[in-house]
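Structure, as structure tokens:
The values are calculated or read from the model by the stated rules, or taken from the named source; none is laboratory data. Since the model is a prediction, treat every value here as computed from it, not as a measurement. Positions of Cβ are backbone-derived with ideal geometry, glycine not excepted, and every protein chain shown enters the neighbour counts.
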Amino acid sequence: MEVDCGNSKRTIASFDKTDCSISLTVNGKKYEILNADPNMYLNDFLRYHLHLTGTKRLCAEGGCGSCVVAVSKCDPSTNPEAIQAINSCMAPILSLDGYFIITVEALGSKKDGFHEIQKRFASNFASQCGYCTPGFVMNGFSVLASDSSGKTEKEIEDSFDGNICRCTGYRPILDAMKSFAKECNPIDIEDIRSLKSCHQMCTKPCNKTLINLPRSLGVSLWVKPSSILEALSVISRNEEKSVRFVAGNTAIGVYKNDGPFDLYIDLKNLSELNQILLAEKFIEFGASVTLTSMAKFFEQKSNLCSSFQALSDHIKKVANVPVRNVASWAGNLMMKHAHPHFPSDIFIIFETVEAKLNIIDVNGIISSLGMGEFLRCDMNMKVILSMTLPLSLPGEIIRTFKVMPRKQNSYAYVHAGFKADFDEECLVFQGNPTICFGGMGLKSVRVVEAEEFLDMKSLNSYATFQGIKCVLML
Ligand SMILES: Cc1cc2nc3c(=O)[nH]c(=O)nc-3n(C[C@H](O)[C@H](O)[C@H](O)COP(=O)(O)OP(=O)(O)OC[C@H]3O[C@@H](n4cnc5c(N)ncnc54)[C@H](O)[C@@H]3O)c2cc1C
Ligand code: FES
Ligand code: FES
């Protein structure tokens, strides 16, 4: 198979560094991997090529956390703050060029001595069959190691929304992890970060181990463009191929049967798609910004705008920590685009605040579309660049809701978002509010008739209540 990349035709026999050959570091040891298949995941590489079988695999859809490892784009010995937990079962190995991976083997073992997290799991009887334990330990390690200011008990509890244990029960597991909380008796953060593997003790660069993977002809190709223009050029020259953009690649955990794809285009690390711009009247998020980064940004700036805290709180109800660490908001919306019944929380909350999407086509033309228009737009040969949200007005109130089977890590039965601007007494609607529902029938709905009716109506008037009932029953 051949892919047209503009200047040169890349064929299966001539992969270069930007395609199917990468280098990464696992537990301090560097590997150069040649000819990796786009459908090979980090979990396969760890277990079947490096024989690091401490990392498990169960659901392969981001739901159980048994495959969690810690990753960092920067050397964790120089920048531990950048460590994050990810699900190795959904991370294509080719998306991890230049990454540092830490697995449970680096933390400790019977032979080299156990890590403090492992010791506290044992002393709290937090493991029975042990299948889920490496995932819990690595998630705990990532959460604690990435924040030198320490975590509260509540923050620790909330960060285990992506790990499932079928036999021990969560109380001893959470007891073990909460013993590291700020308000308990935490150990020095440097002790948390200390690993038994060589990576923090290396004094000279280690030699790379070369792994040349066997590859069969006819498999799909991976392209890593260096700019959005290059990505557009690749799609315009490969019109006949089925193309998949890759940001976090977590859609594979929800829709396993999408595909097959001839060509994967890696948008994850494109700097243009990872920017967050805060201007006087709006905020703009690049398409590859992850849900974790977005929620953190909204939380940190929550004093600037009344909608930010509500948006942050709702994003934290989407999926779970390791998924949100890599999942992009744009990938979520594209899932809603391809599968209209998908209960996208991201669609509901950004429709509520009337966000606009900036979408570029292969001719370089950028259109700005509302959420509803986006769902109706043909997205073939187009890329989402960014999303722009207006900053809410001082009197505006925003509330979003998610009714789900469990408190965490669950899709909505029903979700809703409301935005309204009120007078000073918070009684009379100033202009049309927005009212959005999802999970009621196949599609998400914006109740436009009710929105129009409510303009200048008073909240505490019986006539408003009667009127809105009539509008909704029409
Ligand atoms: C276990 C689990 C639980 C989940 N729970 C929830 C939940 O409760 N609520 C909810 O709303 N969602 C939920 N999700 C969905 C999750 O939010 C999405 O999987 C994620 O946001 C997709 O982002 P991604 O970066 O991984 O996309 P990818 O998997 O990389 O891509 C998904 C699609 O988007 C396209 N795409 C990506 N970037 C662009 C771009 N810039 N322009 C055009 N097309 C693009 C790709 O071609 C692909 O078709 C869950 C997912 C998992 C795995
Ligand atoms: S194997 Fe279950 S989340 Fe990866
Ligand atoms: S200890 Fe058995 S699944 Fe958790």
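So, Gly130, is that one without any contact (Cβ under 8 Å) to a residue 60 or more places away in the chain, in the same structural domain as Leu58 (by TED's automatic domain parsing), away from ligand 3 (no atom under 16 Å from the Cβ) and assigned to a loop (DSSP other than H, G, I, E, B) or not? The answer is no for Gly130.
Every condition in (1) under 25 Å from Ile164 (Cβ atoms); (2) within 9 Å of ligand 1 (Cβ to nearest atom); (3) in the same structural domain as Ala412 (by TED's automatic domain parsing) is met by Val321 except one, and the failing one is (2). Determine which member of the set Glu153, Glu116, Glu157, Glu105 is without any contact (Cβ under 8 Å) to a residue 24 or more places away in the chain and away from ligand 1 (no atom under 16 Å from the Cβ). Step by step, each of Glu153, Glu116, Glu157, Glu105 is checked, and only Glu157 is without any contact (Cβ under 8 Å) to a residue 24 or more places away in the chain and away from ligand 1 (no atom under 16 Å from the Cβ). A single member of Ile86, Ile102, Ile93 is among the β-branched types (Val, Ile, Thr), buried (at least 16 other Cβ atoms within 10 Å of the Cβ), away from ligand 2 (no atom under 16 Å from the Cβ) and not assigned by TED's automatic domain parsing to the domain that holds Arg324, and it is Ile102. Going by the structure shown, is Thr78 surrounded by fewer than 24 Cβ atoms within 10 Å (Cβ to Cβ), over 15 Å from Pro134 (Cα atoms) and of a type in the set (Ser, Thr, Tyr)? Yes.
Here is a check on your reading of the model: is Cys64 within 16 Å of ligand 1 (Cβ to nearest atom) and crowded, with 20+ Cβ neighbours inside 10 Å? Walk me through how you get there before you give the answer.
Numbers: within 16 Å of ligand 1 (Cβ to nearest atom): yes; crowded, with 20+ Cβ neighbours inside 10 Å: yes.
For Cys64, the condition - within 16 Å of ligand 1 (Cβ to nearest atom) and crowded, with 20+ Cβ neighbours inside 10 Å - is met.
Are any residues in region 232-264 in a loop (DSSP other than H, G, I, E, B), among the small types (Gly, Ala, Ser) and surrounded by 20 or more Cβ atoms within 10 Å (Cβ to Cβ), and if so, which ones? Spell out how you get there, then give the answer.
So in region 232-264, the residues in a loop (DSSP other than H, G, I, E, B) come out as 238-242, 247-249, 254-262.
Next cut, among the small types (Gly, Ala, Ser) only: 242, 247-248, 259.
Listed by number, the residues that qualify are Ala247, Gly248.
The combined condition, being touching a residue at least 12 places away in the same chain (Cβ under 8 Å), farther than 20 Å from Gly108 by Cβ and either part of a loop (DSSP other than H, G, I, E, B) or away from ligand 2 (no atom under 14 Å from the Cβ) (or both), is fulfilled by Ile164.
Pairing each residue of region 45-70 that is closer than 20 Å to Val321 by Cβ with any residue that is among the small types (Gly, Ala, Ser) and within 16 Å of ligand 3 (Cβ to nearest atom), provided the two are 6+ apart or on different chains, yields C-beta distances under 6 Å for Lys56/Ser66; Leu58/Ser66; Gly65/Gly135; Gly65/Gly162; Ser66/Gly135; Val68/Gly135. The set of residues from region 209-231 being in a loop (DSSP other than H, G, I, E, B), farther than 26 Å from Leu270 by Cα and at pLDDT 75 or above comprises just one member, Leu213. For residues that are crowded, with 19+ Cβ neighbours inside 10 Å and small (Gly, Ala, Ser), scanning just region 265-292, find the one that is nearest to ligand 2 (Cβ to nearest atom). Here the residue is Ser288.
Tell me, yes or no, whether region 22-35 has at least one residue that is out of contact with any His (no Cβ under 7 Å at 6 or more places or on another chain), within 16 Å of ligand 1 (Cβ to nearest atom) and either modelled with pLDDT of 95 or more or not assigned by TED's automatic domain parsing to the domain that holds Ile252 (or both). Within region 22-35 (the criterion being out of contact with any His (no Cβ under 7 Å at 6 or more places or on another chain), within 16 Å of ligand 1 (Cβ to nearest atom) and either modelled with pLDDT of 95 or more or not assigned by TED's automatic domain parsing to the domain that holds Ile252 (or both)), the answer is no, since none of the residues qualifies. Can you name the residue in region 320-379 that is more than 25 Å from Gln84 (Cβ to Cβ) and β-branched (Val, Ile, Thr) and is also surrounded by the most Cβ atoms within 10 Å (Cβ to Cβ) among such residues? Residue satisfying both the conditions and the ranking: Ile348.
Tell me, which residue of region 62-83 that is assigned to a loop (DSSP other than H, G, I, E, B) and of a type in the set (D, E, K, R) is farthest from ligand 3 (Cβ to nearest atom)? Don't jump to the end; show me each part of the working.
Start the filter on region 62-83 by keeping residues that are assigned to a loop (DSSP other than H, G, I, E, B), which leaves 62-67, 73-79, 83.
Add one more test, that the residue is of a type in the set (D, E, K, R), and what stays is 73, 75.
Details: Lys73: 30, Asp75: 32 Å.
Among them, the one singled out is Asp75.
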